[in-house]
Amino acid sequence: MSVRALWIISHEKGENVSIRFSRRFSTVEHRAKRLAGSWYVAVPEENTVLQLLLTEMGLSDSNKPYVALRDDCLHCQRSPALELRVDGPAKGVLWPVLAISQGPLILACLPLVDAPAEPRPPLASLLSVSQGLTLLAGLQTFLLGAGGKLDSEGLASRLAMLPAVLLQVCPLGTPLDVPLLGAPATNTVPTPAGSQKQPAWKTGLHRGRAVVNVALAETVRSMQYGNRSRQDLWDVFGTVTCKCEVEGVLPNVTVTLTLPPNGSPLQDILVHPCVTSLDSTILTASSVDNYDGSAFSGPYKFPFSPPLEPFRLCSYTSQVPVPPILGSYQLREEENQLHVSVTLKLHESVKNSFEYCEAHLPFFNRDQMGVVDVKVSFGQLDISKEKNLLVWALGQKFPKSREVTMEGKITFSGPTAGPTDPLCTDLTAYIKLYFKVPDMTLSGCCVDQHSVQVYSSAKPRIVTSRELLSKEYFIWNSTGTAPVSSGLLF
């Protein structure tokens, strides 16, 4: 695996966005030109790369929330592997541009793809993508530290050291501490991991008691319409993240995921390259195929030799029978006044204990809010007239009935116009839910502490956690039009 170019961008609030560091590798670029042939697209100038990358990540032109090349329904984004569409003499598409963002920095690189440009190979088949992300994650840790924060002087000092660091860890554009293509296969029986090279950007070895941390997080997305002519959609995406902190040689580890007896099998499972062996039946379940009940339903065992940095062990999707929160949203308009009626109901299978739970009701393409006469049966209502936004904070628990309501009227008669959105015209409006439920997953998937096996004499402490979060959780006004998806959200 090699890298054609590397960029580090500063985008801290209150400062000009700029490229703080960049490096191009001419020998890798020559190989890219030979591999791509007539499909070759040269890497453009720094200012062009900066503008294209910020646009694709939605960090430029805040007054233009809709950009056709990025937000059109025909364009399916595969973050963090982005497409940069280059105009001018070198017209074409740069892909895959990998980008990760944390704190004041964006780190991006363009890995060399050792495959024909057309037809485009699937991301899951490209080892260079996972290795490029590993390189960026390591550089991120070097620049910002383990906590992800560093003062401006400390960051400037690390950036000054970066050329020397890259000479050691990525000479001529080829990282030295990632697995090479053609490496011998690992035995399926767990064996001692052997010595692992310490990357030059790793600030130091772990000291203290050994710890293996396994975190399971599920995000649920939903589109609810409250209309029989439109089918409600929801889906669950889960990730398992691991971090192994052990002095000296990192041990082999096996993590087991289990489901409840009536749980739906996990689907679309993707694993990290460090997984040493896997039952092929685990990978056969797909959300694209109709579920016939014969799919593998666990337990799911993942033996692996962990890398030195925190990493995503696997990801999956799951089909669940109902969304966690069911909603109804109705608007009626009379002159400059809207009648609002909302009902939210927490499903009985969901744990009634939130870290946070909020419902946001934005109103676009109208005058600024005037009189707001809205009552809620539970929680607290915050009103932002400048943004034409109601924020309904439900706190950490629903009431015993598990149902809450909002009723009232809103007058739009302010002196200035409110925010605009090309989609939400007339009665096209939505509620967006934000919530997090600790110690729970919607699929019922969990990692038991006692099921984590560590082949080491150090006897590390095992820490496991799980949580459920919302992402793009929309409830649309049933009395207006709404965008409709033709399939699953994931």
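The values are calculated or read from the model by the stated rules, or taken from the named source; none is laboratory data. These numbers were taken from a predicted model, which means no experiment stands behind them. Neighbour counts are summed over all protein chains in view; Cβ atoms, including those assigned to glycine, are modelled from backbone coordinates with ideal geometry. Just so you know, the surface numbers come from the protein's heavy atoms only, side chains and all, with ligands and any DNA or RNA stripped out. Shrake-Rupley method; radii C 1.70, N 1.55, O 1.52, S 1.80 Å.
Considering only Cα atoms, the convex hull volume of the range 325-439 works out to 98 Å³ per residue.
Within the set LYS375/LYS400; LYS351/LYS387; LYS385/LYS471; LYS301/LYS436; LYS351/LYS459, which residue pairs have Cα atoms separated by over 31 Å? From the list (LYS375/LYS400; LYS351/LYS387; LYS385/LYS471; LYS301/LYS436; LYS351/LYS459), the Cα-Cα distance tops 31 Å for LYS351/LYS387; LYS351/LYS459.
What percentage of the solvent-accessible surface of the range 303-419, computed with a 1.4 Å probe over protein heavy atoms, is contributed by carbon and sulfur atoms? Could the numbers behind the result be given before it?
Working: 2700 of 5580 Å².
The computed percentage sits at 48.
Evaluating 6.51 cos²θ - 1.76 cosθ + 1.60 at θ = phi - 60° for every residue in the range 417-426, the Karplus couplings come out as 7, x, x, 10, 8, x, 8, 8, 9, 6 Hz, glycine and proline recorded as x. Convex hull volume of the Cα atoms of the range 406-477, normalised per residue: 202 Å³. Most tightly packed first, judged by the mean number of other beta-carbon atoms within 10 Å of their residues, the peptides 314-326, 331-343 read 314-326, 331-343. When the Cα centres of the range 378-423 and the range 434-464 are compared, how far apart do they sit, in Å? Distance between centres, Cα-based: 37 Å.
Taking θ as phi - 60° and the Karplus parameters 6.51, -1.76 and 1.60, the scalar couplings of the range 230-239 work out to 10, 7, 5, 10, 7, 7, 10, 10, x, 9 Hz in sequence order, x denoting glycine and proline. Under the convention that each Lys and Arg Cβ holds +1 and each Asp and Glu Cβ holds -1, the size of the dipole of the range 352-422 around its Cα centre is about 200 debye.
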